[in-house]
Amino acid sequence: MGSETRWARHLTVIVSLLAGAAVWEIAAYFTTRAFWAPLSETVGSLAESARSGVLMRQAMSSFQLYLTGLGLAILAGAPFGLLLARVRVLRVALENYIMMLYATPMVALIPFILSMMGFGFAPKVLVVFLFAVFPILYNTIEGARSIRPELVEVAHAFRSSEWQLWRDVMIPYTLPFAMTGIRQAIARGLVGMVAAEFFLSPSGLGQMIMMGSQNFDTAGLLAAILLIVVLGVCLMDLGRYLERRFAPWRGYE
Amino acid sequence: MSTNQVMLEQPAAGFAPGAKRLLASPPVLKVAAGIVLLCAWEGVVRVFAPAYVAKPTGIARVFFSVVSNEQFLAAAGATLWAVIQGLVIAIMLGMAVGLAMGRVTVVERGLRYYVNSLFATPMIAILPLVTLWFGYNADARLAVIVFAAFFSIAVNTCDGARSVPLEYLEVARSFRARPLSTLLDIVLPSSLPYLIAGMRLAAGRALVASVVAEFFISIPGLGYYILFNSRTFKHNEAFVAVIALVIVGVSFEAVLNWVTRRYLPWARRD
Amino acid sequence: MVSGAGRRFGALEVFREISLEVGEREVLVIIGPSGCGKTTLLRCIDGLIPLTAGEIRVEGDRVVTPREGVTMVFQHFGLFPWKTVYQNVAYGLKLAGCSSSEIAEKVPKYINLVGLSGFEDYYPYQVSGGMQQRCGLARALSVEPRVLLMDEPFGAVDAQTREILQFELLRIWDMRPTTMVFVTHAIDEAVLMGDRVMVLKGRPSSVHEIIDVDLPRPRDRATLSMPRFAALRERVWSTLMDDARRAEFEVKR
Amino acid sequence: MVSGAGRRFGALEVFREISLEVGEREVLVIIGPSGCGKTTLLRCIDGLIPLTAGEIRVEGDRVVTPREGVTMVFQHFGLFPWKTVYQNVAYGLKLAGCSSSEIAEKVPKYINLVGLSGFEDYYPYQVSGGMQQRCGLARALSVEPRVLLMDEPFGAVDAQTREILQFELLRIWDMRPTTMVFVTHAIDEAVLMGDRVMVLKGRPSSVHEIIDVDLPRPRDRATLSMPRFAALRERVWSTLMDDARRAEFEVKR
Amino acid sequence: PATAAAQQKLTLGIPGIPPVFAGTIGYVAEKEGFFKKRGVDVTVRAFETGAAASRAVASGEVAVSLSPTPLIVNQISNTDVKLVGIWGMEHPDWLIGATDPNADCASLKGGAVGVDSLGGARSIALRTMLLGCKMKIEEVQQVPLSSNVGAAMVAGQLKFGVLHIDDIPVIQAETKKPLKTIITQKSIRPVDHYLLLVAHQDQLAKNRDAYVRIVAALIDAERFMRNPANHEKVAKYAEPTGRSGEIAVQALKAFVDMEFWPKDKDGLGAKNLEMVGNIQKKVGNIKADKPAPYERIVDPSVWRDAKAMVDKK
Ligand SMILES: Nc1ncnc2c1ncn2[C@@H]1O[C@H](COP(=O)(O)OP(=O)(O)OP(=O)(O)O)[C@@H](O)[C@H]1O
Ligand SMILES: Nc1ncnc2c1ncn2[C@@H]1O[C@H](COP(=O)(O)OP(=O)(O)OP(=O)(O)O)[C@@H](O)[C@H]1O
Ligand SMILES: [Mg+2]
Ligand SMILES: [Mg+2]
């Protein structure tokens, strides 16, 4: 019975994936090529750009941007978040502003960044950074706010010193929250990357999309979008994995 | 009681504890931090940046003329209205799809990969396609907003519907509840907190989507207002629109919090 | 009533060959170490899940689905957090198809019976665990069942409240005796409440012993001081002891 | 040891004018209805929070901060979810500044004492509540305190496990008697564990009565069957009853 | 003449936010009421780029747009989009300007040059003009700034930019420094083509009358702009482009003198368009075997009918 249900489960998924592919392919025959390109052509275009090395170059350029921005966001966000977690005065003073920035659609700042910093690599990194850093800060602070006072009390009861408290309680407790923030940052950073590549100087996958759309090269456009979808899914999974990985003890939730 | 209260309960040593407490009281701290941040911004811009760059005094100077400007109001109204429309559509569609996915296994398996992967996709990427399908008009903006918001609602509602605690379903079964009554009495309320979480996410995404759409499609709205004014080097004016966006974003958050407190008092996050 | 009952979850056989009979207005207490399948057995009797062997009859009919006239009080209270105390109590009546006038009449009556008057508009999270369980009790009693299934109803409340609730339940039962199957961990409680105590043991568990409790009814606090009580208590304990020890060391999940 | 103690949280005065003395190797049990300030009093004795009136002396010194030689076992276990059983037990020793060889020697000893051998590498969420509390107990015992403060150590475990743990604690105490302040809700437990039972009552609460428990030591299961036990139990209950009832109806938060 | 076309709301897309000065003709036709006079209801709308505007035409959203000729030629040659040019501006006024008075071709190397968008009109022009410097496009860094190249240069963000003639006075006025013209498009290639008024083939077939009236209104507008007496007024209409007052009047003179807006012709010179096609093929923007034929790119008949309509009156 077990294997049968597993088979049935796979079957529905396979059928749905095949149906999706078929719809994609067939839809192209009911519209002009400018509106929609069949899956086969999209894959062809993808293969072509992979062969010519364009794909690799553009993807690397995007990745470089993304990783730099995200990395800086993590390097800046996590320690600062932890600091805010512990230093109550700082946290109380800043938490509302951080929540505000967390809720701000950062794309709106792109025109300013463009006209202030121009078009190089740095402003694009800044965009990714801005997209990514606030989820980390926000979640770390949330973690700090929700820290269980019992545990701090235990530490005090055992005559813990300040830095022992950090090592044994604060950091382990806040880490999973920071990880949740990093998962969100991974997703948001990707949006930031595409936005930066669209609205600052075109480069990478964003440029591929722009060029595809400008030249009515819908197959190329879809290929680039497909790539971003795959990237998004992989990064999302990576984020979830990280979140679980750093909190094996969270099983009780 | 938070961590640090535990420590603050330690006998307060030192002089003038009253003054110290006043200085450390949250509102004072918050306002002080705000002032420091604004001064830092003003200072940095004055020293390092060209004259046109937005700074607090500049923004304050133009603020009232901008917010009473008809064009600005129209732009803000257009964006807000589009976001609200988009959210309403996304919430209705997303709830329907999410509930179906959460409660009907076949639907879940059929749609899982699509919904999850589109949830993970930055919706900006499909902007060029959307403009082709819907044209360079408000419909396209609405479509982008719906696209951006729909998936987070669907994913969250689905999670909510799937994680209805078994014990509640068991109680309902034990009292011989019919499926419809189970859906209305139990599945729906119990997935509401998830739905709210989805809406919180969706509201943020919808705002980003509308701004990006306006950048791209060049239709009146706050995004376009920002783009146009910053391109003509009127950064202060443009920044007022950013402030408007922040207010919109924060008020969504506030409304959701209020709704949660008022109507879902039982769904507190611990 | 239950004959040759067995239930397995996949490879795990929870219990086997359980037969028992509960007379009208009798209180049968089931006691056993954690994880021995008490809750599972009760769920089978209520018709929530099917047996994998044997059969259950209530009032002569085979149980396949929850039947009218049988109600369960849950270990986890099973209150809906989004309903007030009043609405929770009304839930059972509403599903039983009572008219709203009937509901408006019965709900306050049962709320009063369990001593919750004045708390009608509170949400479960606003009242203490003991009050939550009273509310669950009122919900179950309000439909005036012929058979009450109680799954560790006082397992999650503090010791003093538990004592209070035990005697209150005895009082309610004396006023309106119903057939009752009462599951518990606590030996005091088993001896205090039951006409007979059934000890489940083993892996898969089965009926180890059925102990007749020959304490006079109505029972009250004085019952606790009877030497017979202490003797029965000790008897149940010694029956249980070895198993409970072993179960305690078994890793959860 | 404690004299004229009082404590208020803002406008709420939790208790007042509590004086008590605990002799060496004596077990003083504090019992009282929920919310009467038992935990608060214990936290004051441990030096985690200051009194607002009166003073506390341990071994002649005034308590202002947690002192060496006094350890607390928490109602909520207070285990760090990110540490394994072993690491949790080692925590107290580590903070006490023990060398790692000392830790490596003592931790297994105490883990064995509480019957947790074999579970060293489990995370708290992987073991049952009873085992979690044993772990908390091992952590407290491992630093070999002269005074043990126990805050409802068995409040969150199921009834059978509780019985087992009670007698295990009695066994451990007989092996190595320490001064102990034991807080509980349960009357059985109070009478079983204590040399004296102090009943807190009222709002703000104060010492209502101190009952001498003249049951012989070592105590074991046979103690439960003694008529004297039932009588003491009844005595404590009647002292408590009214208050407990009232407290039960008080809305939480 | 109230025809069916009058009921329909039509849109003319022009490139740039804020729009390029070439789009002034659209504003004149709209605000001076030429569209209304010809019986069509047309609004002018600015798009981020000419490419976006042409996409809007392709999607049926917008009736006509002014879009860069090279781009349209590429699109038509490479894909099956049903765009067709019905009117055009033959004379590109592109130049590479520098804020540094000592700049020359050599100093361009590796520098950042402002364009509208990658593959956009300025970018294509840059590629062409770099031929005159014996450089390849890869040797400079393109910075896409829509129509804000001038503004970015004013702000000191950029040293070099691909500019319109009318950008020069603006930049000079703002920076109070002379602007160095490194090279102009005209000096490299006298025969070229700048903008096409493009329509969707199907829409054009369905609603030809309306398109004729649009072009007729544009012809009216051109005549209006040619008259120096109207320059003040035109300068006011040009306000959305960011050029106003004296600067606009100056620019207007220059543009009229070079017959920027075609004077009594359709602006669809076959030689010019073929030239564009060949260049695009040569630089690799056209992937097809050869550029689309002249007949596929344009439809001069609309202008002929429009001219007849204007002359009839
Ligand atoms: N739905 C299920 N699927 C698989 N195993 C289950 C399921 N429900 C219960 N079990 C297993 O059946 C066994 C008996 O569970 P049950 O809840 O009946 O025990 P219990 O006697 O009520 O324990 P407790 O006293 O802790 O409430 C346990 O080992 C449990 O893991
Ligand atoms: N940090 C605090 N701030 C304000 N009030 C507090 C604080 N800690 C406890 N209280 C209040 O003091 C009273 C006594 O609390 P305490 O936890 O000591 O009771 P308890 O006797 O241990 O109850 P239980 O038996 O439920 O554990 C309660 O009313 C509680 O709300
Ligand atoms: Mg159970
Ligand atoms: Mg307590």
message = If I take every Cα pair under 8 Å that is 6 or more residues apart in segment B:137-196, average their sequence separation and divide by the length, what percent do I get for the relative contact order?
response = 48
remark   = For chain C, the longest principal axis of the Cα atoms and the Cα long axis of helix C:159-175 enclose an angle in degrees, to the nearest 10, of 80
Relative counts (whole %) of C-alpha pair distances in segment B:150-270, using bins that are 5 Å wide = 2, 10, 14, 16, 14, 11, 9, 8, 6, 4, 3, 2, 1, 0
message = Just to confirm the number: angle between the C-alpha axis of helix E:69-78 and the first principal axis of chain E, 0 to 90 degrees, nearest 10?
response = 80
note = Most exposed to least, judged by fewest other Cβ atoms within 10 Å, E:Arg296, D:Arg203 sort to E:Arg296, D:Arg203
Residue exposure sequence - B:Leu132, A:Leu175 - by fewest surrounding Cβ within 10 Å = A:Leu175, B:Leu132
ask   = According to the Cα gyration tensor, what semi-axes, each the square root of 5 times an eigenvalue, does the equivalent ellipsoid of chain A have, listed from largest to smallest in whole Å?
value = 41, 27, 13
task = Report the paramagnetic label zone for E:Asn227: residues of segment E:272-313 whose backbone N is under 17 Å from a point 7 Å from Cα along the Cα-to-Cβ axis.
result = E:310-313
inquiry  = So, R0 is 22 Å and r is the distance between the beta-carbons of D:Glu68 and A:Ile171; what FRET efficiency does that work out to, to 0.05?
reply    = 0.30
Kirkwood hydrodynamic radius of segment E:1-132, Cα pairs, Å = 16.6
note = the protein assembly as shown -> Rg/Rh from Cα coords, Kirkwood Rh, value 1.08
remark   = For segment A:136-144, in residue order, the Karplus 3J(HN,Hα) values (coefficients 6.51, -1.76, 1.60; θ = phi - 60°; whole Hz; Gly and Pro = x) are 5, 4, 4, 5, 5, 5, 4, x, 4
task = With springs connecting C-alpha atoms under 10 Å apart, model chain A as a Gaussian network and identify which of A:Val230, A:Val107, A:Val23 has the largest mean-square fluctuation.
result = A:Val23
query = To one decimal place, what orientation-averaged projected area in nm² is obtained for the convex hull of the Cα set of segment C:72-145?
reply = 4.3
query = Over chain C, with a single point scatterer placed on each C-alpha, what log10 of the ratio I(q)/I(0) does the Debye formula yield at q = 0.10, 0.14, 0.18 1/Å?
reply = -0.49, -0.98, -1.49
ask   = Rounded to the nearest 500, what is the protein assembly as shown's calculated 222 nm mean residue ellipticity when only DSSP H runs of at least 4 contribute -39500 (n - 2.57) each, over all residues?
value = -18000 deg cm²/dmol
request  = May I ask you to list the lysines whose Cα is less than 21 Å away from that of D:Lys201, ignoring any residue fewer than eight positions away on the same chain?
outcome  = D:Lys38, D:Lys252
Estimated FRET transfer efficiency when R0 is 22 angstrom, pair A:Met100-B:Val47 (beta carbons, to 0.05) = 0.30
inquiry  = Using Stokes-Einstein with the Kirkwood hydrodynamic radius over Cα pairs, what translational diffusion coefficient do you get for segment E:217-257 at 25 °C and a viscosity of 0.890 mPa s, in µm²/s rounded to a whole number?
reply    = 244
query = If the cut-off is a Cα-Cα distance under 20 Å, which aspartates and glutamates reach C:Lys106, setting aside same-chain residues fewer than 8 apart in sequence?
reply = C:Glu68, C:Glu120, C:Asp121, C:Glu144, C:Glu168, C:Asp174
ask   = D:Arg217 label points, 7 Å along Cα→Cβ, one per copy: pairwise distances from this copy to the rest in nm, shortest first?
value = 4.4
query = Going down the list E:Lys37/E:Lys206; E:Lys253/E:Lys282; E:Lys82/E:Lys307, which pairs span over 26 Å between their C-alpha atoms?
reply = E:Lys253/E:Lys282
ask   = What are the extents of the Cα atoms of segment E:44-196 along their three principal axes, listed from largest to smallest and rounded to whole Å?
value = 47, 31, 24
Computed label-point distance, nm, for sites A:Thr32 and A:Thr12 using a 7 Å Cα→Cβ extension = 4.1
task = In a Gaussian network model over chain A where Cα atoms closer than 10 Å are linked, find which of A:Ala78, A:Ala132, A:Ala157 has the largest mean-square fluctuation.
result = A:Ala157
Percent breakdown of C-alpha pair distances by 10 Å bin, ordered from the shortest bin, for chain B = 6, 21, 24, 22, 17, 9, 2, 0
query = Normalised by the number of residues in segment C:72-145, what is the relative contact order in percent for Cα pairs under 8 Å and 6+ residues apart?
reply = 49
key: Theoretical FRET efficiency, 1/(1+(r/R0)^6), r = Cβ-Cβ of E:Glu246 and B:Ile35, R0 41 Å, to 0.05   = 0.40
query = So which of E:Lys136/E:Lys281; B:Lys30/B:Lys55; B:Lys234/E:Lys180; E:Lys134/E:Lys281 end up more than 22 Å apart, counting from Cα to Cα?
reply = B:Lys234/E:Lys180
note = For chain D, longest principal axis from Cα atoms; helix D:129-142 axis from its Cα atoms; angle between them, nearest 10 degrees, is 80
ask   = Leaving out same-chain residues fewer than 8 places away, which aspartates and glutamates sit with a Cα under 12 Å from that of E:Lys159?
value = E:Asp100, E:Asp104
ask   = Normalised by the residues of chain A, what does the relative contact order come to in percent, with Cα pairs under 8 Å and at least six apart?
value = 25
ask   = Using 7 Å Cα-to-Cβ label points, what is the B:Val67/C:Arg57 separation (nm, one decimal)?
value = 7.9
inquiry  = Can you give me the distance in nm between label points at E:Glu239 and B:Leu183, each placed 7 Å from the Cα along the Cα-to-Cβ direction?
reply    = 5.8
request  = Would you kindly work out, in nm and rounded to one decimal, the distances from the label point of D:Ser19 to those of the same position in each other copy, ordered shortest first, with label points 7 Å along Cα-to-Cβ?
outcome  = 6.9
remark   = Listed with the fewest Cβ neighbours within 10 Å leading, D:Val27, B:Val67, B:Val144 appear as B:Val67, D:Val27, B:Val144
message = Using a 7 Å offset from Cα along the direction of the beta-carbon, what are the separations from C:Arg176 to the same position in each other copy, nm, ascending?
response = 5.6
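The numbers here are math on the coordinates, done by the rules we state, and not lab data. Since this is a predicted model, take the numbers as computed values, not measurements. A quick note on method: Cβ atoms are made from the backbone with ideal geometry, for glycine too, and the neighbour counts reach across all protein chains shown.
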